[in-house]
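Novice: Sharing a structure here in structure tokens format.
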Amino acid sequence: MMNYERITNVCAQMQELFARYKTHPRRWDRRRSAMEESRVQHCIEMCDAVPAFAADGRREKAMRWLGFLQGAAWTLHLATIEELKEMNKP
């Protein structure tokens, strides 16, 4: 089970992956949803929110969001399944 420290560590690793796009966080915009950059911007914004969920005792929500972020990183070819599995190990 991941604790607060582990969740924030994995989240920081996810932020590094999405930083390759050199863009900024942005709320989801359905009008731009087909654009890859828009998807990455939304993921960056989610990365910023995950540690706060964990700190507030909302571990399950933090874990769901991390799962979403890891799925997005995989579909964007930013990481392999094996790399993502390694990230989650204690």
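Novice: Taking every pair of alpha-carbon atoms in the stretch 35-76, give the share separated by more than 15 Å as a whole percent.
Specialist: 39
Novice: Extending each Cα 7 Å along its Cβ direction at ASP56 and ARG6, get the distance between those two points in nm, one decimal.
Specialist: Each label point is offset 7 Å from its Cα along the Cβ direction, giving 2.3 nm.
Novice: Oh, and also: Zone of GLU16 (label point 7 Å along Cα→Cβ, backbone N under 20 Å): which residues in the stretch 62-89?
Specialist: Only 66-89 pass the distance filter.
Novice: Sticking with this structure for a sec: Normalised radius of gyration for the stretch 4-88, please: alpha carbon Rg relative to 2.2 N^0.38 Å, two decimal places.
Specialist: Here the answer is 1.03, to two decimals.
Novice: Against the longest alpha carbon principal axis of the chain, how many degrees, from 0 to 90 and to the nearest 10, is the axis of helix 59-75 turned?
Specialist: Result, in degrees: 50.
Novice: What is the magnitude of the charge dipole of the chain about its Cα centre, with +1 placed on the Cβ of each Lys and Arg, -1 on the Cβ of each Asp and Glu, and no other charges, expressed in debye to the nearest 20?
Specialist: 320
Read-outs throughout are calculated quantities, based only on the coordinates presented, and are distinct from any laboratory measurement. Treat the numbers as computed from the prediction; the structure is a model and nothing was measured. Using ideal geometry, Cβ is built from the backbone for each residue, glycine included, and neighbour counts are taken over all protein chains shown.
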